[in-house]
There are 2 protein chains.
Amino acid sequence: MNWTSVADARKQESISPDVEVRGWVRTRRDSKGGFSFIEVNDGSCFGNLQIVAPAELSNYESEVQKLTAGCSVVVVGELLESPAKGQATELHATEVRVLGWADPESYPLQKKRHSFEKLREWAHLRPRTNTFGAVARVRNQICQSIHDFYHERGFLYVNTPIITASDCEGAGEMFRVTSLDLEMLAKKGGPVKYEYDFFEKPAYLTVSGQLNGETYATALGRIYTFGPTFRAENSNTSRHLAEFWMVEPEAAFFDLTDNMRLAEDFLKRIFSDCLNHCGEDMEFFDKMIEKGKIDQLKSVIEKPFTHMPYTEAVSILENTSEKFEYPVSWGTDLQAEHERFLTEKHVGGPVILTDYPSTIKPFYMRVSDDKKTVAAMDVLVPGVGEIIGGSQREERLDVLQSRMAEAGLNEDDYWWYIDTRKYGSVPHAGFGLGLERAVQYATGMANIRDVIPFPRTPGNADF
Amino acid sequence: MNWTSVADARKQESISPDVEVRGWVRTRRDSKGGFSFIEVNDGSCFGNLQIVAPAELSNYESEVQKLTAGCSVVVVGELLESPAKGQATELHATEVRVLGWADPESYPLQKKRHSFEKLREWAHLRPRTNTFGAVARVRNQICQSIHDFYHERGFLYVNTPIITASDCEGAGEMFRVTSLDLEMLAKKGGPVKYEYDFFEKPAYLTVSGQLNGETYATALGRIYTFGPTFRAENSNTSRHLAEFWMVEPEAAFFDLTDNMRLAEDFLKRIFSDCLNHCGEDMEFFDKMIEKGKIDQLKSVIEKPFTHMPYTEAVSILENTSEKFEYPVSWGTDLQAEHERFLTEKHVGGPVILTDYPSTIKPFYMRVSDDKKTVAAMDVLVPGVGEIIGGSQREERLDVLQSRMAEAGLNEDDYWWYIDTRKYGSVPHAGFGLGLERAVQYATGMANIRDVIPFPRTPGNADF
């Protein structure tokens with residue numbers, strides 16, 4: 001591991017007569033003065049290192065002058081202060097070794113700028129572009145911030161199961177998981193013999209780790225899950241994925257106020273880490289993807305989030321002159337257009353909506369004293385809409401049981417969840433943040449398929 | 001969030017006339033002197049906080065004297081230096097508020113010490129025990145160490161897909177994922193109509209993120225994946241799970257030597273973080289689960305790992321007087337018993353076996369100059385056996401293609417993987433560490449089902 005990263009080589013303090021860099025050619029241009037400028041990137045940062053390759057190199061004509069985008073190289077030479085603007089250093093090569101060529105006739109990223117849509121067909125190559133390299137680094141930073149944030153606050157990372165036999169959480173359509181041979185099943189017909197299936201019963205991919213997470217929060221205090229979750233919904237939109245990552249903190253003894261504060265602190269931490277640690281990437285997004293993104297994030301970080309009860313939000317929506325596709329009245333669920341209006345136009349920043357009608361929220365949310373609403377909270381941000389959904393949980397056994405009955409759920413399926421309310425029940429609260437929504441908000445990338453390496457959507461499980 | 005954690009309250013520096021703690025009762029004993037000792041835990045650390053509850057409390061007889069294991073309480077009082085041995089502080093209660101009772105007649109964790117096997121039936125309650133609380137904290141620490149270690153070294157966290165259409169990696173049996181209604185499929189018979197399935201083709205749960213990870217490593221240099229992986233193998237053993245977590249670093253420009261160094265540094269970091277940050281938990285494991293564990297880990301951290309080519313290992317195995325169930329000779333895969341002998345008896349510490357015969361290793365491992373072996377490495381540790389498997393990857397297009405042909409693989413299925421060798425190919429290497437194996441090794445827990453919150457095994461997807 002005895003070479004210098006491009007990120008380090010671009011720093012003044014790395015100046016040295018003997019530096020080795022390894023990476024991929026982004027561009028090459030030949031100067032009339034008898035040398036070539038080669039821009040090399042290795043993924044360690046957004047910017048490239050400029051290589052000055054003199055004609056004296058033994059392979060100058062045979063190789064260096066044939067370098068094109070995508071070729072991999074090892075460059076050895078003297079790292080000097082650069083006279084050029086916009087870069088602290090440049091590497092004067094004494095050796096340019098070519099590891100791998102990238103035939104410009106067939107290399108897809110060679111010639112012109114491609115649309116994001118086109119680049120999805122090359123999901124295996126798109127991280128080699130400026131945009132997707134930057135997305136990968138910001139996504140990485142957000143993941144690290146997630147772990148750091150909860151670790152520092154004493155939340156334990158808990159891996160809740162991906163495969164589940166509960167099909168009844170009602171959070172969305174679920175994928176089936178089976179070890180049965182579907183072709184054989186279709187061929188032989190007859191009833192499904194679950195005794196031959198791996199789990200000996202129907203099994204699914206999880207839509208949320210919350211219920212499992214609650215069992216750990218009510219044992220160990222503060223926990224969070226962070227892993228893939230799934231929806232088998234046939235939504236071919238720029239906002240939906242069949243497979244996405246979600247972080248779900250859950251904390252014993254937290255009420256809705258604690259939960260809102262945690263969510264606000266959490267989002268602020270994520271976005272301020274992006275600005276502090278991914279400066280070049282964020283400047284790129286601010287300039288090329290969504291103008292004003294950096295100022296927008298700064299304002300989110302600096303200003304307290306607005307809190308607003310659902311009832312007030314509905315009243316605002318009913319009284320605005322804004323036209324909506326879907327009607328709104330107390331007791332209806334808010335649509336994306338309503339949420340976007342509230343956060344983008346009415347508030348002009350993040351807003352936490354609270355105290356939704358119990359009829360439109362799941363059984364596990366805590367019923368308030370008014371009996372009509374539950375201690376729910378949704379965090380809405382401009383450009384994305386809902387980014388966090390959560391609640392204080394119903395800790396009272398009898399209320400939980402009657403809410404389950406109302407929802408038509410079978411208590412036997414939830415015996416273990418109910419146990420947490422039978423034995424040492426405590427007030428607790430939590431929420432879920434979709435990682436991809438957070439990356440979208442941080443970067444301004446419009447399509448959720450462009451903020452996850454290999455998106456899974458209806459008809460698409462390629463790569 | 002205005003209360004003190006048990007971990008903090010147990011520290012000298014928290015001494016204060018006004019402290020509030022929230023947690024669960026572990027034990028209560030009543031003193032003849034007119035007060036009760038209550039041990040309270042909130043998951044923030046292994047040890048409990050001792051509460052001294054005087055008979056003067058208004059609810060002393062009605063509630064305090066009825067507290068049993070599992071009850072949840074809020075305790076307010078004065079935190080004082082404790083006269084008792086083994087604890088720095090104790091909380092003299094002015095208020096003990098009971099949040100939730102745990103009926104000793106029905107609460108499963110009430111009375112006696114249960115076997116780990118029995119506790120698996122209460123996977124939702126077992127984190128309330130000493131052992132599983134400690135396992136959860138050590139597992140959490142190892143996860144954080146994984147992220148910190150790679151983050152510090154410039155590896156980007158990449159989320160590779162869980163659902164995949166590649167069924168051909170040969171790493172093990174795969175689960176099927178479908179949105180088709182199995183009952184309907186069996187009822188109607190006929191061929192499987194994949195055009196109605198979510199992905200419009202057969203889809204599976206991933207067995208490894210490596211191939212996807214390589215596309216990011218050959219674009220951005222250093223990456224790692226860390227997520228759930230799956231095996232539909234009917235292995236009902238203490239070493240196998242159908243769903244487990246794996247971390248897979250992959251680094252461009254790394255050769256086998258770099259890869260071995262990374263693996264060794266990585267394991268040492270994980271285990272030293274456990275000792276440094278989970279002291280009380282590790283003392284518990286050392287005392288109650290596997291005597292000598294701490295010294296064993298210290299020795300792993302301090303001593304360089306032994307390196308040994310497969311050929312030498314086979315020679316040792318052929319020439320030892322040790323009796324094995326399976327015969328061993330050059331060209332056969334090593335069995336667990338052979339690996340355990342090498343690491344436990346022959347070396348007496350971690351050993352990295354390298355340069356395995358190409359015939360027993362996957363197509364993507366780099367063929368060595370001898371044409372007979374590949375640049376593979378397996379890290380073996382005492383008590384667990386193989387904990388890491390990895391290799392330098394085959395970066396030469398023609399060699400890769402001929403290895404794929406030998407393995408009977410269809411190049412068309414891997415077009416995107418092959419592209420990474422067509423365009424700017426670079427030497428690179430990586431490995432996989434099973435998280436649960438690492439937690440087992442750190443804690444000494446004998447059964448892998450006891451180091452993951454909700455184990456998935458043949459016939460079991462409960463909770």
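The values are calculated or read from the model by the stated rules, or taken from the named source; none is laboratory data. In this text, all values refer to a predicted model and were calculated from it rather than measured experimentally. A quick note on method: Cβ atoms are made from the backbone with ideal geometry, for glycine too, and the neighbour counts reach across all protein chains shown.
If a residue has to be over 30 Å from B:GLN144 (Cβ atoms), among the hydrophobic types (A, V, I, L, M, F, W, C) and within 14 Å of another protein chain (Cβ to nearest Cβ) to count, how many in the range B:406-436 make the cut?
Within the range B:406-436, the first condition is being over 30 Å from B:GLN144 (Cβ atoms), and the residues that meet it are B:406-427.
Filter again for among the hydrophobic types (A, V, I, L, M, F, W, C), leaving B:407, B:409, B:415-416, B:418, B:426.
Subsequent filtering for residues that are within 14 Å of another protein chain (Cβ to nearest Cβ) retains B:415-416, B:418, B:426.
Here the count works out to 4.
Would you tally the residues in the range A:181-204 being aliphatic (A, V, I, L, M) and more than 7 Å from every other protein chain (Cβ to nearest Cβ)? Spell out the reasoning first.
Step one: list which residues in the range A:181-204 are aliphatic (A, V, I, L, M), which gives A:182, A:184-186, A:192, A:203.
Narrowing further to those that are more than 7 Å from every other protein chain (Cβ to nearest Cβ): A:184.
Residues flagged as aliphatic (A, V, I, L, M) and more than 7 Å from every other protein chain (Cβ to nearest Cβ) within the range A:181-204 amount to 1.
Inside the range B:234-251, residues that are at the interface with chain A (Cβ under 9 Å from one of its Cβ atoms) and over 16 Å from the mean Cα position of the chain (by Cα) make up a count of 2. Considering only residues in the range B:200-250 that are surrounded by fewer than 24 Cβ atoms within 10 Å (Cβ to Cβ) and polar (S, T, N, Q), the one that is farthest from B:GLU173 (Cα to Cα) turns out to be B:SER238.
Among the residues of the range B:120-130, those identified as within 12 Å of chain A (Cβ to nearest Cβ), in contact (Cβ under 8 Å) with a residue 40 or more places away in the chain and surrounded by fewer than 23 Cβ atoms within 10 Å (Cβ to Cβ) are B:ALA123, B:ASN130. Scan (1) closer than 20 Å to B:GLY86 by Cα; (2) of a type outside the set (S, T, N, Q); (3) touching a strand residue (DSSP E or B) at 6+ places or on another chain (Cβ under 6 Å) for the single condition B:PRO17 breaks and write down its number. Single failed check for B:PRO17: (1). Selection of the range A:316-343 for residues being exposed (fewer than 14 other Cβ atoms within 10 Å of the Cβ) and either touching a Cys at 6+ places or on another chain (Cβ under 6 Å) or not in a loop (DSSP other than H, G, I, E, B) (or both) yields A:GLU318, A:ASN319. Scanning the range B:82-100 for residues that are within 14 Å of chain A (Cβ to nearest Cβ) and of a type in the set (Lys, Arg) returns a single hit, B:ARG97.
Inspect all residues belonging to the range B:437-448 and state whether any of them is more than 11 Å from chain A (Cβ to nearest Cβ), among the β-branched types (Val, Ile, Thr) and crowded, with 22+ Cβ neighbours inside 10 Å. So that I can check it myself, show each step before the final result.
Looking only at the range B:437-448, we keep the residues that are more than 11 Å from chain A (Cβ to nearest Cβ), and these are B:437-438, B:440-448.
Retained after the next criterion (residues that are among the β-branched types (Val, Ile, Thr)): B:443, B:448.
Next cut, crowded, with 22+ Cβ neighbours inside 10 Å only: B:443.
Checked against the condition, which is being more than 11 Å from chain A (Cβ to nearest Cβ), among the β-branched types (Val, Ile, Thr) and crowded, with 22+ Cβ neighbours inside 10 Å, the range B:437-448 yields at least one hit.
Quick one: in the range A:326-358, of everything that is β-branched (Val, Ile, Thr) and in contact with a helix residue (DSSP H, G or I) (Cβ under 9 Å, 6 or more places away or on another chain), which residue is nearest to A:GLU394 (Cα to Cα)?
So in the range A:326-358, the residues β-branched (Val, Ile, Thr) come out as A:328, A:332, A:343, A:347, A:351-352, A:354.
Add one more test, that the residue is in contact with a helix residue (DSSP H, G or I) (Cβ under 9 Å, 6 or more places away or on another chain), and what stays is A:328, A:332, A:351-352, A:354.
Numbers: A:VAL328: 27, A:THR332: 22, A:VAL351: 24, A:ILE352: 20, A:THR354: 15 Å.
Per the stated criteria, the residue is A:THR354.
Quick one: how many residues across the range B:379-403 are part of a helix (DSSP H, G or I), touching a residue at least 40 places away in the same chain (Cβ under 8 Å) and within 14 Å of chain A (Cβ to nearest Cβ)? Show your work before the answer.
Applying the first criterion (part of a helix (DSSP H, G or I)) to the range B:379-403 yields B:397-403.
If we keep only those that are touching a residue at least 40 places away in the same chain (Cβ under 8 Å) as well, we get B:403.
Now drop any that are not within 14 Å of chain A (Cβ to nearest Cβ), which leaves none.
The qualifying residues number 0.
Out of (1) polar (S, T, N, Q); (2) crowded, with 22+ Cβ neighbours inside 10 Å; (3) away from every other protein chain (no Cβ under 14 Å), the odd one out for B:SER368 is which? All conditions are met except number (2).
When only residues in the range A:391-434 that are among the hydroxyl-bearing types (Ser, Thr, Tyr) and within 32 Å of the chain's Cα centre (by Cα) count, which is nearest to A:SER368 (Cα to Cα)?
Our first condition is that a residue be among the hydroxyl-bearing types (Ser, Thr, Tyr); within the range A:391-434, this holds for A:391, A:402, A:414, A:417, A:420, A:423, A:425.
Add one more test, that the residue is within 32 Å of the chain's Cα centre (by Cα), and what stays is A:391, A:414, A:417, A:420.
Values: A:SER391: 11, A:TYR414: 23, A:TYR417: 21, A:THR420: 20 Å.
Within the range A:391-434, the match that is nearest to A:SER368 (Cα to Cα) is A:SER391.
Considering every residue within the range A:264-276, establish whether at least one is farther than 19 Å from A:LEU433 by Cα and either at pLDDT 95 or above or not in a helix (DSSP H, G or I) (or both). Among the residues of the range A:264-276, at least one is farther than 19 Å from A:LEU433 by Cα and either at pLDDT 95 or above or not in a helix (DSSP H, G or I) (or both), which makes the answer yes. Inside the range B:304-315, residues that are surrounded by fewer than 19 Cβ atoms within 10 Å (Cβ to Cβ) and either assigned to a helix (DSSP H, G or I) or free of Cβ contacts under 8 Å to residues at least 40 places away in the same chain (or both) make up a count of 3. Only one entry of A:ILE301, A:ILE316 meets the criterion of being assigned by the TED database to the domain that holds A:MET282, within 23 Å of the chain's Cα centre (by Cα) and over 13 Å from A:ASP378 (Cα atoms), and that entry is A:ILE301. Just a yes or no: is a residue in the range A:370-378 of a type in the set (A, V, I, L, M, F, W, C), farther than 27 Å from A:PRO228 by Cα, out of contact with any Asp or Glu (no Cβ under 7 Å at 6 or more places or on another chain) and without any contact (Cβ under 8 Å) to a residue 40 or more places away in the chain? Checked against the condition, which is being of a type in the set (A, V, I, L, M, F, W, C), farther than 27 Å from A:PRO228 by Cα, out of contact with any Asp or Glu (no Cβ under 7 Å at 6 or more places or on another chain) and without any contact (Cβ under 8 Å) to a residue 40 or more places away in the chain, the range A:370-378 yields at least one hit. Residue count for the range A:412-443 satisfying the condition of being closer than 30 Å to B:LEU67 by Cα and either assigned to a helix (DSSP H, G or I) or not aliphatic (A, V, I, L, M) (or both): 17. For the range B:150-178, the tally of residues that are facing another protein chain (nearest Cβ under 7 Å) and at pLDDT 95 or above stands at 15. For the range A:44-61, check the following and say yes or no: at least one residue is among the hydroxyl-bearing types (Ser, Thr, Tyr), part of a strand (DSSP E or B), modelled with pLDDT of 95 or more and exposed (fewer than 15 other Cβ atoms within 10 Å of the Cβ). Looking for residues that are among the hydroxyl-bearing types (Ser, Thr, Tyr), part of a strand (DSSP E or B), modelled with pLDDT of 95 or more and exposed (fewer than 15 other Cβ atoms within 10 Å of the Cβ), one finds none in the range A:44-61, hence no. Considered as a group, the residues in the range B:240-283 that are in contact with a helix residue (DSSP H, G or I) (Cβ under 7 Å, 6 or more places away or on another chain) and among the acidic types (Asp, Glu) include one that is nearest to B:SER368 (Cα to Cα), and that residue is B:GLU250.
Residues of the range A:1-40 that are within 14 Å of A:PRO54 (Cβ to Cβ) and either assigned to a loop (DSSP other than H, G, I, E, B) or touching a residue at least 24 places away in the same chain (Cβ under 8 Å) (or both): A:ARG28, A:ASP30, A:LYS32, A:GLY33, A:GLY34, A:SER36, A:ILE38.
May I ask you to list the residues in the range B:195-216 that are touching a Ser or Thr at 6+ places or on another chain (Cβ under 9 Å) and in a helix (DSSP H, G or I)? Let's see the steps before the verdict.
From the range B:195-216, those touching a Ser or Thr at 6+ places or on another chain (Cβ under 9 Å) are B:196-199, B:202-216; that's our starting set.
Residues satisfying the conditions are B:TYR196, B:GLN210, B:LEU211, B:ASN212, B:GLY213, B:GLU214, B:THR215, B:TYR216.
Restricting A:GLU117, A:GLU105 to those that are not assigned by the TED database to the domain that holds A:THR443 and not in a helix (DSSP H, G or I) reduces the list to A:GLU105.
Residue under question is B:PRO228, and the condition is that it be touching a residue at least 60 places away in the same chain (Cβ under 8 Å), within 22 Å of A:VAL177 (Cα to Cα) and either facing chain A (nearest Cβ under 10 Å) or outside any loop (DSSP other than H, G, I, E, B) (or both); does it hold? Talk me through it step by step, then tell me what you get.
Working: touching a residue at least 60 places away in the same chain (Cβ under 8 Å): yes; within 22 Å of A:VAL177 (Cα to Cα): yes; either facing chain A (nearest Cβ under 10 Å) or outside any loop (DSSP other than H, G, I, E, B) (or both): yes.
Yes, satisfied.
Among residues that are over 23 Å from B:GLY133 (Cβ atoms) and either touching a Leu at 6+ places or on another chain (Cβ under 8 Å) or within 14 Å of chain A (Cβ to nearest Cβ) (or both), B:SER44 is not included. Just one of the listed residues (B:LYS11, B:LYS85) is within 26 Å of B:PHE132 (Cα to Cα), under 36 Å from the mean Cα position of the chain (by Cα) and at pLDDT below 95, namely B:LYS85.
Residue count for the range A:79-128 under the criterion of being closer than 30 Å to B:TYR414 by Cα and among the hydrophobic types (A, V, I, L, M, F, W, C): the result is 10.
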